[in-house]
Amino acid sequence: NIRLVALTANALSKEKKRCFAAGFDEVLFKPFRKEDLLNACLLPENEELLYAQEEIPALPERLYHLEELNEMIDHDKAQLKLLVGQFIKETPGKIKKLEKAFRNKNQKEIKQMAHYLLSSVQHMGITSTYETIRELDQQKFIRSPKRMEQAILFVTRTLSEAVAQLKKDMRNGIK
């Protein structure tokens with residue numbers, strides 16, 4: 001397997017689409033880091049199997065970890081309740097928009113929703129989905145609709161469960 005990597009100074013999204021349409025596997029914009037180029041050139045052994053499995057992996061018992069968020073807000077319980085409440089309120093709508101964007105093949109909207117969700121899951125410590133959402137944000141699955149579908153299914157399932165856990169724990173008093 002040989003990967004074709006386009007290097008360009010043109011950071012417009014249509015340039016990225018043109019590169020993919022021309023058959024490139026990856027597009028890097030200048031300036032880029034050495035690590036990004038190396039990662040783009042390496043084909044992971046399990047790339048094809050990453051989201052090809054029919055069964056989405058089992059979720060960990062507890063999906064969120066608020067320790068870092070608590071540190072950021074100096075353990076202010078009122079602020080924590082407000083931020084968690086905002087996540088609970090906004091995330092289901094973002095999940096629906098992500099699913100709709102996928103059904104409509106709207107790459108721009110998928111990227112927007114992934115970008116929004118990326119910071120949210122980072123703040124809520126939902127680490128199991130971070131990498132997958134980052135890949136959606138970077139449009140890593142643009143040429144593989146099946147892998148994108150599996151990634152979106154994993155993200156929506158995980159985030160829906162995380163919202164349910166947070167709601168339950170909010171009623172019982174988040175620690």
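The values are calculated or read from the model by the stated rules, or taken from the named source; none is laboratory data. Source: prediction; values computed, not measured. As a convention, Cβ positions derive from the backbone with ideal geometry for all residues, glycine included, and neighbour counts pool all protein chains shown. Surface accessibility is based on the protein's heavy atoms, side chains included, excluding ligands, DNA and RNA. Shrake-Rupley method; radii C 1.70, N 1.55, O 1.52, S 1.80 Å.
Of note:
- Residue selection: Arg171 satisfies the criterion of being open to solvent by 80 Å² or more (accessible area, probe 1.4 Å), part of a helix (DSSP H, G or I) and either touching a Cys at 6+ places or on another chain (Cβ under 9 Å) or not polar (S, T, N, Q) (or both).
- One residue alone among Lys146, Lys168 is without any contact (Cβ under 8 Å) to a residue 40 or more places away in the chain and more than 21 Å from Leu28 (Cβ to Cβ), and that residue is Lys168.
- Candidates are the residues of segment 11-24 that are modelled with pLDDT of 80 or more and part of a loop (DSSP other than H, G, I, E, B); the one that is least open to solvent (accessible area, probe 1.4 Å) is Gly23.
- Segments classed as helices (runs of 4 or more DSSP H), wholly inside segment 61-140, with at least 1 members that are crowded, with 16+ Cβ neighbours inside 10 Å and over 13 Å from the mean Cα position of the chain (by Cα): 67-72, 77-103, 107-124
- Matching residues in segment 149-165 - criterion: being more than 13 Å from Ile110 (Cβ to Cβ), touching a residue at least 40 places away in the same chain (Cβ under 8 Å) and aliphatic (A, V, I, L, M): Leu153, Leu159, Ala162, Val163
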